[in-house]
Amino acid sequence: MSTCKDGSAAPLAEPDLLGDLADVLDPPGSETILSIDNVGRMFNVSRLVLGYYEFRGLIKRRHLIGRIRVYGWADCDRLAFIIKCRRIGLSLSEIAPIVAAVNHEDDIVIHKRGQESCMRLVTRLERRRKLLDDALAELAHTYSLLSTTILSPTRNLD
């Protein structure tokens, strides 16, 4: 689900969207059954949230183990991406076109729409990061000034 900084499409290799969430998951091929309950526990989300994400078409229990519908590891990967995006304040409406583009790589229109949405979010988040970096630098400077003032031996307490 990545786009190069210049706007061109990144290589189509399957991305690793799990990042810091990877440690909660068993590796593919393990004996974990990816039922709605197990996936909810792994990601600390409710069945209701998972059901809503299914309703929105972001994830889907495509496989059957016995009579139990289960998710695939690709859905867990998508879910990790969605959770990361939600943590930083992105809405499902902003995330959905990107997930759809990955799910429909053969549809040029959906793919292009997802790519454009992704680039808009990258640009917006880079601007937000710049603002955060500036605010952090200012706070660090203020902290330094405050620390110097408190430690100064010539400080007048009157």
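List of remarks:
- Within this structure, LEU12 fails the test of being modelled with pLDDT of 90 or more, within 28 Å of ARG127 (Cα to Cα) and outside any helix (DSSP H, G or I).
- Failed item in (1) closer than 30 Å to SER93 by Cα; (2) surrounded by 10 or more Cβ atoms within 10 Å (Cβ to Cβ); (3) at pLDDT below 90, with ASP106 passing the rest: (2)
- Restricting the stretch 79-92 to residues that are closer than 20 Å to ARG127 by Cα and without any contact (Cβ under 8 Å) to a residue 40 or more places away in the chain leaves a set whose member that is surrounded by the most Cβ atoms within 10 Å (Cβ to Cβ) is CYS85.
- Yes/no for PHE81 being modelled with pLDDT of 90 or more and within 30 Å of LEU132 (Cβ to Cβ): yes
- Checking each residue in the stretch 67-120 for being over 14 Å from the mean Cα position of the chain (by Cα) and part of a loop (DSSP other than H, G, I, E, B) picks out ARG67, TYR71, GLY72, HIS104, GLU105, ASP106, ASP107.
- In the set (1) exposed (fewer than 11 other Cβ atoms within 10 Å of the Cβ); (2) at pLDDT 90 or above; (3) assigned to a loop (DSSP other than H, G, I, E, B), the condition left unmet by SER30 is number (2).
- Of the criteria (1) out of contact with any Gly (no Cβ under 9 Å at 6 or more places or on another chain); (2) under 26 Å from LEU34 (Cα atoms), which one ALA137 fails: (2)
The values are calculated or read from the model by the stated rules, or taken from the named source; none is laboratory data. Here the structure is a predicted model, which means the values were calculated and not measured. FYI the Cβ positions are ideal-geometry reconstructions off the backbone, even for glycines, and counts take in every protein chain you see.
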